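To start, the structure itself, in structure tokens.
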Amino acid sequence: MKKTVMWIAALLLLPVLGAVMFWLGSDLLEEAGSRERIEPGVVADYVHAVIQANRTVYATEIVEKLQNKGVVEAAEHWRQENALPLPAQFLIETGRLVAEEGTGVKYRLASLTPIYVWNGPQTEFERKGLEAVTRDPEKPFTGFIRIGRERFFQAVYADMAVAQACVSCHNTHMNSPKRDYKLNDVMGGIIITIPVAP
């Protein structure tokens, strides 16, 4: 009789024990297989903060100080003239280097009034983004886009005239369609593109 009760108890407890083990095991496997995810808008904000900090320090602490002391000038043709890149060129060059890393993350400068046409908006999304950040510089314009079969998150942040070198270049350049910029004006946008899963 005792053996029969034990067998019945074992048969009743075995499925319960199996279910508990399955539940614990699947929970552990799910936890081990899952990755923490950061929303693409947050990633874009992080990337923008780094870009903005680097460019501001370069423009105000390097270019302006060295030019004011007569040590070296920043020039449009900086490679040929053995000069410093202009702050906009610094951002463009670092964006090119980041793109070459192959991570899929890209950033570039663009404007509705570019000195060179290739720095204008390349898509309708970029044009709308540049218009939006010109109206409200505090708020980035964001959304999901497709390039071919790939899906990306794109954010357009206002690009401000952070140094007098920015203002002077744009106001005196012979190709500039706008020549009345002032310090802290919106000159265009920093466009950040981040790959996302399909």
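Quick note: the coordinates plus some simple rules give every number you see, no bench work behind them. Note that this is a predicted model, so its numbers are computed, not measured. A quick note on method: Cβ atoms are made from the backbone with ideal geometry, for glycine too, and the neighbour counts reach across all protein chains shown.
Computed values, structure above
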quantity: Computed P(r) (all Cα pairs; the stretch 94-153; 10 Å bins; percent); calculated: 20, 46, 33, 2
quantity: Per DSSP, loop GluC sites (Glu not before Pro) in the stretch 59-113 with at most 11 further Cβ within 10 Å; calculated: Glu101
quantity: The stretch 111-182: GluC sites (Glu not before Pro) in DSSP loop, at most 16 other beta carbons within 10 Å; calculated: Glu138
quantity: Residues with amide H under 5 Å from that of Gly143, placed H, sequence gap 5 or more; calculated: Gln154
quantity: Backbone HN-Hα couplings from phi across the stretch 51-66 [Karplus 6.51/-1.76/1.60, Hz, Gly and Pro as x]; calculated: 4, 5, 5, 4, 5, 5, 4, 4, 5, 8, 9, 10, 4, 4, 5, 5
quantity: Loop chymotrypsin sites (Phe, Trp or Tyr not before Pro), the stretch 111-198 (other Cβ atoms within 10 Å of the site Cβ: 12 or fewer; DSSP); calculated: Tyr116
quantity: Whole-Å distance, taken between Cα centres, linking the stretch 162-192 and the stretch 56-131; calculated: 11
quantity: The stretch 69-188: equivalent-ellipsoid semi-axes (sqrt of 5 x gyration tensor eigenvalues, Cα, Å); calculated: 26, 19, 12
quantity: Relative contact order [Cα under 8 Å, 6+ residues apart], the stretch 74-180, whole percent; calculated: 18
quantity: Neighbour net charge for Val57 - beta-carbon separation under 14 angstrom, K R +1, D E -1; calculated: 0
